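Shown next, in structure tokens, is the structure this report addresses.
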Amino acid sequence: MNIENTQECFVQLWLWLERTRLLLYRQCKRFCVRRVLKSWFGGEANDDFIWTICSLSELAGWDELPLPSLSPRKHRELLRAIVAVKTGISFYKIDLKALDAAYSIAFPKSTPMNVNKKADKHKHQPHPQPLSDWRGEYIETLQM
């Protein structure tokens, strides 16, 4: 497969990642970064290649990955690192909007990619300001 920085390629990578998870599950093997890279790239996935991907995505090679449909953040960083290494472009120039949109296409009924951002937005609501009486003294908002 030709890996590019496009939404169509990202959809294929998300689906390929899920198929690889199922394949490794059926073979009773751990679903980790090292096994995914070995199954995708064969002999090209040597220790240096795996180390580069792991350091960019901030994942450990043997740590088991969760389901892509339930917690996509780690997988997004993994796919981002793979595309950056295979295309030769910077890790920070990967099109994250296209990657997130591709996730929504590949897994339409699963956890939204930005669910944590929406929760954090509501968490940081400003606190109500204390009311002042006509003399300029502050009254606690809880006293009534």
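For this structure, a couple of remarks:
- Residues in segment 8-36 that a label on F91 would reach, taking backbone N under 20 Å of a point 7 Å out along Cα→Cβ: 10, 14, 32-36
- Protein heavy-atom surface of segment 11-110, 1.4 angstrom probe: 53% of the accessible area is carbon and sulfur, with nucleic acids and ligands not counted.
- Extension gain for the segment R30 to A101, taken as residue separation times 0.36 nm less the Cα-Cα distance, is 22.8 nm to one decimal.
- Segment 19-35 residues near the modelled L67 label - backbone nitrogen below 19 Å, point 7 Å along Cα→Cβ: 19-33
The values are calculated or read from the model by the stated rules, or taken from the named source; none is laboratory data. Just so it is clear, the structure is predicted and the values come from calculations on it, not from any experiment. When we count neighbours, we look across all protein chains shown, and the Cβ atoms used for this are built from the backbone with ideal geometry, even at glycine. What goes into the accessible areas is simple: the full protein's heavy atoms, side chains included, and nothing from ligands, DNA or RNA. Shrake-Rupley method; radii C 1.70, N 1.55, O 1.52, S 1.80 Å.
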